[in-house]
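Reading through the C-alpha cells given below for one structure.
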C-alpha cells in the first residue's frame, strides 16, 4: 500500500523492518526530494518503553548537525486519514520521523573485505561523525555496519551514522537502574556494555564498536563469533581477538590500530575519535590498491578527510589549527513545510561571533603553547548568547581532540555543594555513588593518572562527596580540609594529572553566582607563577546581576586586570544575523523573518523563544518559500522575554492538560502542572527528581512527569545526571515571578521546607541552608533563624565565608521581620559569627566593630555566654595587627569570662592562642602554664587535633628554655600520633618544629630535610599558606650554608607565590630573607628590600628568633661581601626597632 501522505511527504513503500518499527521510502511533495520515514509499528506505539526510545532518538539526532550524521527533517504522529489510507499498515497516533534517504543502503549490504581506500574513507567519516556526537555528550552505543548508511557523492560525505535509539548521554544518566543493563548489538558491544558498567561509558565505548567494524571491513568476519550470548560476552570481556588477516593493500600498522580500539580496558583505547583518526590517517599503504568497484564514489570524497585530518591534534598544535570547519559540499536541505515540530529540539546555531571566536582561539593557542593558564570572560546582557559561545568553544575543541572540557553551572539558590564539586563528580560519573563506590572510583582514576598518594585520594573523594553522595554525605567522612586553599590545591593537583594529555578548558557558567569558582580561578592563576598549568578558564556573567554580588563583581574585575585575561562584551546580533539565526532553525518568509529580527533587537534568546511560541500556538503554515502566518489566531509580538516565556509555558500546560486522567478535570490538572513547575523553580536551578516528586505529592498528590516531558520536548528543560534543570536561568526566574504574582511563592517555599524536614528529621549536610532559605521566602521568620545559623556554621567549616555571610544577613533580616531587639541572643550569635569570618578574612576593622558591639550588648543572663567569645575575637584582631601586648590583655579578659560561661573548647583555644603570643614575647614560664592548662582541657573533652598542636607549642617553649631533648621527644610524639591518625597537616607542622630543634642542635642538613618534608606535606594538602614559613626558613638555611644562588632562586619562587593574606610576621620574614639575599645585589634592589622591611617592622612589636637570625645574617653577609655601609644601614634599622619597642636584646646581638 502506498500513495498516502504524512505531513509534507508522500509515503511510497515499505523498505525495511526492525524490532521497533518499519522504514518507508517517501518523497517531499513540493520539492520531490526522496526521504526515509521511520514509523513505530502497531502494538509498539502504545508501549511506553518504545515511545521513550523513539523520543531519545529524536532528541539525540535533532541536536546533531554534521555531514556524517543522518539529517532529521520532521517528526509527528500518524493522523487518522493516513492510517486509513495505509490499509492498516500504520496505526493512528504512531510516532514517526522523516530523515534523509541514502540510496545505497548500509555497510551491511557490502561485500567484504573492502579495498583499503574505501575502508579508510568509511572509518574516517564515521570517526568524524562520532567526534561531533561525543563532543555533545552523546555515545551511540549501537555502532554496527547496519547503522552506517552510504549515499550519493553529491551529498558531500556519503557516509551517515543513523539509529541513535539507545544513545547514551553521559550528561544525563545517573542510576544503574536506568542505564546499567547490557544494551546494544552483542557482536559489536564493548566489555563495559556487557558488564553494565555504565559509569565507564564514553567515546571509547563507541571506538571499541568501531574496532569490531574495522576488523570486519578488512577481513570479512567479526573479532568474536559465538552463537551463545554468554560465551560471546565472555569473549569480548576476556579473550584477545584473533590475528587480523588483512588484504595486501592494507598498511602495516592497520592491525595495531584496530587492536588498540579493541583493548579490554577503556583507558587503554584511544580516548577520542580525533586521536584514532590521526593515527589512521598517518598509515601508508604497502601495496598497489585494488579496484574499488561500487565504492568509487566513497573513495572520491577522500579529499574531504585529508583536509579534515590536517586539523586533528596529532597533525599539529592549536597554533597551526583553525576553528573553522573545512567547506563541506553538502546539499542545503530546505524542505518547505517541514520541521515545524523540530524547532525547539534543534541546537541553536552559532551566527557571526567570528571576532569573539578568534579571540578565544588565540587565547587557547597561547595556553597550549606556553603551558600557562589563560582566562576568557564573556560578559553581556541576558540572552545575548554568552553561554552558547562558551558551549560552542568547548564542543569545537573537544571534537577536534584539542582539549578536555569541564563545565560548572551556577545558580542563584546555591546548592548544598560547591558547583566545582558537582562539575568533577559529573565528569567522572560519580553522581549517585555510595561512599565505597566513590572512593574506589576516585582511587582508580587518580592512580591511572600516576597519583598514588592515599592522602590525595581521600581528599578528592571528600571534595566530590557532597555532590556524589547527596543526602548520605557527612562532612569530613574522608578528609578534613583545613582551608579553601587546601581544597583548591587538591583539586588542581587532580586536574593537572588526570587531564595531562591535552589542555583543560574549564567553563564556569553564570559566575555572578559563583564566588567559589572565581576564587578557584584566582588560585589557579596565582599557582601558575611557580608551576606550569595548561588550563583555560571560560567565565560567563550577566552584567545586570554582577551588581547584586559585590564580592563576585570585585573578584571578576580583579581577574580581568590580569595579563592572562581576555575580557569580552557579548553584544546583540545585527538584524541580518538575527534573520540568519532564525532561518537556520526554521525557514520563515521574508516579512516574518524581518519582524523577528527587528523586535528581537539582536537578542538570540528572545528571537528563538518568540518563534518557538508561534510554533506551539500553531499559527504558522507552509508558504511558497518558507513558513508564513496562517491567519488563525493573533500574531502577537511581546515586548519582553518574560512574556514570551509565559506564553510558551501556557502552551505546555495546555498540552499536558490534553492527556488528563479521568480522576481530574483539565482545568484542575492544568493548575496542578502549573504548581508543579513553580515548585521546581522554588527548589532551585537544578531539580532533584525525588525531591520534586515528593513536594508535588505534598501539594496535590499529582505526578508532575507529563509537564516535564513537555518541557523536554520543547527544549525548555534538560535532563542532568542527577535530575533536571530549566534550559535558562531566566525561565526559572519567570516562573518564580508568576508564582509571586499569583501569591503562591511563600506557600511553595513552605512546602519545600516541609518536604526536606520530613525526608530528613535529622538535617543532612546542606539541608539547614535550604530549609532556612525556604522558611525565609515563606515569611516564616521564626522557623528560619535557627537553620540559617546552623547553615552559616556549616559554610564556615568549609571556608565558604561569602555564602556564610549572606546566610547571616538573611538571619538578621528575619530577626528584623520579627521585630527582635539588638540584644536578642540569636542576633548576637550571628554578629559573632560575622566577626569570626571578618577576622579570618583579615577584615580586621569590621571584625573589631562587630565584636565590640557584642561585648556591649551581651549583658543579660542569656547573652553573657557571647561576651568571652567576642573578647577572644578582639584578641585575635590585635594579634593579627602585631599588637601582641594589647592582644594579651584581651586574651586575659576573654579567659576570665570564658571560665565562667564556657564553653570549654573556647577557653582552651583562648589559652593556647594566649600562650602563642606569650611565646613570641619571650614570656616562657607564662606560656608554659597556659599551654599546659589548654592541654588538660583538650584531653578532657577529647579534642585530639588541637591537643597535638598544643604539644608542638610546648615543644617550642622548652626549646627556648634550652631543653632541646625534651622538645625533640615532644615532636616525635606528635609526629607518631599524626601518622597513626593520618593527620597529615599535624605531621607537617611537627616536621617544622623538629627542624627548629635540629637547627639548635647544629644538625643543619637534618633540619633542611625536615623542612623539605613539611613543605611536601603542606603542598600535597594544598596548604600553600602554611608552607610559606618553612620555605622561608629553608632559604635562610641555604644562605647561612653559603648556597646563595640556590637561596636566591628559592626566594624568587616564594615571592612569586606569596598570598595576599599571609600574616605580617611571615611577610616580614620573607622581606628579611630577601634583604639578606640582596646584600650583594644592585643598590636599587638593596634599597627596595630595606624600605619594604622598614615598613613591615612598624607593624609588629617583637622579633621572633627567625627574624633575628635574618637580621644577623644580613649584617654578617654585608661585612663578608665588603659592604660596610649596607651593614650599618641594617644595624641602624634594627636599633631603631629595639629603641621603639624596648627590645635591647636585638640591638645587643647585632652589635
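The values are calculated or read from the model by the stated rules, or taken from the named source; none is laboratory data. None of these values were measured; they are calculated from a predicted model. Glycine also receives a Cβ, built like all others from the backbone with ideal geometry; neighbour counts cover every protein chain displayed.
Observations on the structure shown:
- Residue among 335, 342, 375 that alone is modelled with pLDDT of 90 or more and either touching a strand residue (DSSP E or B) at 6+ places or on another chain (Cβ under 6 Å) or buried (at least 20 other Cβ atoms within 10 Å of the Cβ) (or both): 375
- Exclusive hit being surrounded by fewer than 24 Cβ atoms within 10 Å (Cβ to Cβ) and more than 37 Å from the chain's Cα centre (by Cα), set 955, 976, 934: 976
- Hey, residue 554 surrounded by fewer than 16 Cβ atoms within 10 Å (Cβ to Cβ), under 19 Å from residue 377 (Cβ atoms) and in contact with a strand residue (DSSP E or B) (Cβ under 9 Å, 6 or more places away or on another chain) or not: no
- Any hit, the stretch 739-755, residues being closer than 22 Å to residue 345 by Cα, in contact (Cβ under 8 Å) with a residue 12 or more places away in the chain and in a helix (DSSP H, G or I): no
- As for the stretch 653-662, it holds at least one residue that is within 34 Å of the chain's Cα centre (by Cα), part of a helix (DSSP H, G or I) and at pLDDT 85 or above.
- Residue match in the stretch 626-633 (condition: more than 21 Å from residue 737 (Cα to Cα), touching a helix residue (DSSP H, G or I) at 6+ places or on another chain (Cβ under 7 Å) and outside any strand (DSSP E or B)): yes
- Filtered residues of the stretch 58-85 (kept if more than 15 Å from residue 166 (Cβ to Cβ) and assigned to a helix (DSSP H, G or I)): 62, 80, 81, 82, 83, 84, 85
- Flag for residue 792 being more than 19 Å from residue 482 (Cα to Cα), touching a residue at least 12 places away in the same chain (Cβ under 8 Å) and buried (at least 17 other Cβ atoms within 10 Å of the Cβ): no
- Close pairs (9 angstrom Cβ cut-off, 6 or more residues apart or separate chains): loosely packed, with under 11 Cβ neighbours inside 10 Å in the stretch 660-672, at pLDDT 75 or above anywhere: 661/669
- Filtered residues of the stretch 1091-1136 (kept if at pLDDT 80 or above, crowded, with 19+ Cβ neighbours inside 10 Å and within 46 Å of the chain's Cα centre (by Cα)): 1093
- Residues considered: 290, 303, 286. Of these, the only one that is outside any helix (DSSP H, G or I), modelled with pLDDT under 50 and over 36 Å from the mean Cα position of the chain (by Cα) is 290.
- Residues of the stretch 98-115 that are modelled with pLDDT of 90 or more and surrounded by fewer than 18 Cβ atoms within 10 Å (Cβ to Cβ): 108, 111, 112.
- Positions within the stretch 802-826 being surrounded by fewer than 22 Cβ atoms within 10 Å (Cβ to Cβ) and in contact with a helix residue (DSSP H, G or I) (Cβ under 7 Å, 6 or more places away or on another chain), in sequence order: 802, 803, 805, 812, 815, 817, 818, 820, 822, 823, 824, 826
- The listed residue being assigned by TED's automatic domain parsing to the domain that holds residue 523, modelled with pLDDT under 95 and over 30 Å from residue 526 (Cβ atoms), out of 381, 368: 381
Quick grid of which residues meet (1) assigned by TED's automatic domain parsing to the domain that holds residue 274; (2) outside any loop (DSSP other than H, G, I, E, B); (3) buried (at least 22 other Cβ atoms within 10 Å of the Cβ):
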| site | (1), (2), (3) |
| --- | --- |
| 32 | no, no, no |
| 53 | no, yes, no |
| 56 | no, yes, no |
| 93 | no, no, no |
| 96 | no, yes, yes |
| 117 | yes, yes, no |
| 128 | yes, yes, yes |
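- The combined condition, being surrounded by 19 or more Cβ atoms within 10 Å (Cβ to Cβ) and either at pLDDT 85 or above or not in a helix (DSSP H, G or I) (or both), is fulfilled by residue 573.
- When restricted to residues that are buried (at least 16 other Cβ atoms within 10 Å of the Cβ) and within 30 Å of residue 627 (Cβ to Cβ), the stretch 34-50 contains 7.
- A count restricted to the stretch 357-389 and to residues that are in a helix (DSSP H, G or I) and within 18 Å of residue 564 (Cα to Cα) stands at 14.
- Residue 467 vs. criteria under 19 Å from residue 200 (Cα atoms), part of a helix (DSSP H, G or I) and at pLDDT below 90: yes
- Every residue from the stretch 855-873 that is part of a helix (DSSP H, G or I) and in contact with a helix residue (DSSP H, G or I) (Cβ under 8 Å, 6 or more places away or on another chain): 855, 857, 865, 866, 867, 868, 869, 870, 871, 872, 873
- Residue selected from the stretch 806-854 under the condition within 37 Å of the chain's Cα centre (by Cα) and part of a loop (DSSP other than H, G, I, E, B), by the criterion farthest from residue 785 (Cα to Cα): 842
- Matching residues in the stretch 680-698 - criterion: being surrounded by fewer than 21 Cβ atoms within 10 Å (Cβ to Cβ) and farther than 19 Å from residue 766 by Cβ: 693, 697, 698
- Any chance residue 734 is outside the structural domain of residue 748 (by TED's automatic domain parsing), assigned to a helix (DSSP H, G or I) and closer than 20 Å to residue 618 by Cβ: no
- In the set 545, 518, only one residue is in contact with a helix residue (DSSP H, G or I) (Cβ under 8 Å, 6 or more places away or on another chain), touching a residue at least 12 places away in the same chain (Cβ under 8 Å) and surrounded by fewer than 21 Cβ atoms within 10 Å (Cβ to Cβ); that residue is 545.
For (1) in contact with a strand residue (DSSP E or B) (Cβ under 8 Å, 6 or more places away or on another chain); (2) outside the structural domain of residue 386 (by TED's automatic domain parsing), each residue gets a yes or a no:
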position	(1), (2)
494	no, yes
542	yes, no
548	no, no
561	no, no
579	no, yes
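- From the list 884, 872, 833, the lone residue that is modelled with pLDDT under 95 and either buried (at least 22 other Cβ atoms within 10 Å of the Cβ) or closer than 28 Å to residue 963 by Cβ (or both) is 884.
- Residue check for residue 609: at pLDDT 80 or above and farther than 11 Å from residue 340 by Cβ: yes
- Here the stretch 20-30 is the region considered, the condition is being in a loop (DSSP other than H, G, I, E, B) and out of contact with any helix residue (DSSP H, G or I) (no Cβ under 9 Å at 6 or more places or on another chain), and the residue that is surrounded by the fewest Cβ atoms within 10 Å (Cβ to Cβ) is 30.
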